[in-house]
Amino acid sequence: MGKPLDDAALDTIFRAARSYNGYTDQPVAESELHAIWDLMKWGPTSANQLPARLIWCVSEEAKAKLAACSSAQNAPKILKAPVTVIIGMDRDFHEHLPEFFPHVDARPWFADPAAREVSAFRNATLQGAYFIIAARALGLDTGPMSGFDNKAVDAAFFAETPNVTSNFIATLGHGDPATIFGRLPRPAFEKFNTIA
Ligand SMILES: Cc1cc2nc3c(=O)[nH]c(=O)nc-3n(C[C@H](O)[C@H](O)[C@H](O)COP(=O)(O)O)c2cc1C
């Protein structure tokens with residue numbers, strides 16, 4: 001029941017937005033991290049399960065710990081970015097359902113740990129996408145990355161919560177256009193779409 005966004009907003013969120021390798025010196029305030037969460041949390045997840053668990057690495061110590069788990073290409077980006085977010089996923093999200101899906105006891109729907117794993121991955125990945133869109137909507141840029149050692153990140157950041165594992169990571173800041181190449185092609189509707 002919303003109104004379409006104007007062209008400028010569509011550019012900000014999709015058409016002119018890019019995945020950045022580096023950022024300007026403009027800092028990112030902690031209040032902006034809260035603002036991103038306060039938007040992205042409204043994105044839908046199955047049975048409102050909200051499995052994403054985010055760690056916002058802002059300290060030099062946290063960034064160094066994360067960079068040490070990352071590929072040689074990605075480590076310097078993490079060290080230089082104002083913030084790098086770890087998007088983790090909680091396979092025991094069902095324990096929180098009485099709070100977030102209170103009108104029925106949905107916990108038995110997720111009794112099977114293997115099915116929970118699939119659901120956590122699917123929905124936390126969606127939340128990762130909501131994170132990217134929310135950041136862009138707030139005038140920030142991101143650099144999503146899967147080039148890191150998930151097991152090493154889990155050991156370094158989620159040792160106390162073994163039910164949480166890493167999905168992907170993303171740098172965050174005000175993108176520096178000098179750090180990106182030309183836009184890669186995207187196909188027209190006909191290539192990958194079918195109307196049945
Ligand atoms: C889940 C995910 C993982 C990615 N992993 C990496 C990565 O490890 N290193 C990297 O430099 N870029 C990575 N990228 C960035 C993509 O290559 C980039 O988003 C894509 O080429 C499109 O670029 P654009 O958003 O600027 O159009 C990743 C993107 C996503 C969404």
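The values are calculated or read from the model by the stated rules, or taken from the named source; none is laboratory data. Because the structure is predicted, anything quoted here is derived from the model rather than measured. Positions of Cβ are generated from backbone atoms using ideal geometry, with glycine treated the same way; all protein chains shown enter the neighbour counts. In case anyone asks, the SASA skips ligands and DNA or RNA and just uses the protein heavy atoms, side chains included. Shrake-Rupley method; radii C 1.70, N 1.55, O 1.52, S 1.80 Å.
What the table shows:
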item: Lysine pairs in the chain with Cα atoms under 19 Å, if 8 or more residues apart or on separate chains; result: 6
item: Cβ-defined net charge surrounding LYS77, 12 Å radius [Lys, Arg +1; Asp, Glu -1]; result: +1
item: Under the span-like rule (Cα at least 24 Å along the axis, Kyte-Doolittle mean at least 0.0), DSSP H helices of the chain; result: 113-137
item: Diffusion coefficient, µm² s⁻¹, Stokes-Einstein with Kirkwood Rh over alpha-carbon pairs of segment 81-186 at 20 °C and 1.002 mPa s; result: 136 µm²/s
item: Hull-based mean projected area of segment 1-84, where the convex hull spans the alpha carbons, in square nanometres; result: 7.9 nm²
item: Kirkwood Rh (inverse of mean 1/r, distinct Cα pairs), the chain, angstrom; result: 18.1 Å
item: For segment 101-196: relative contact order, % (alpha-carbon pairs under 8 angstrom, 6 or more apart); result: 25 percent
item: Helical contribution to [θ] at 222 nm, DSSP H n ≥ 4, -39,500 (n - 2.57), averaged over the chain, rounded to 500; result: -10000 deg cm²/dmol
item: Within the chain: Cβ-based charge dipole about Cα centre, in debye rounded to nearest 20 (Lys, Arg +1; Asp, Glu -1); result: 600 debye
item: Gap separating the Cα centres of segment 19-51 and segment 88-142, nearest whole Å; result: 14 Å
item: Normalised contact order of the chain, rounded percent, pairs of Cα under 8 Å and 6 or more residues apart; result: 33 percent
item: Within the accessible area of the chain (1.4 Å probe), percent carbon and sulfur; result: 60 percent
item: Surface accessible to a 1.4 Å probe, per residue, for the residues of the chain, Å²; result: 58 Å²
item: HIS34-ALA111 FRET efficiency (beta carbon distance; Förster radius 25 Å; 0.05 resolution); result: 0.15
item: Lys/Arg +1, Asp/Glu -1 at C-beta; segment 106-151 dipole; positive extreme among VAL118, ASN150, GLY128; result: VAL118
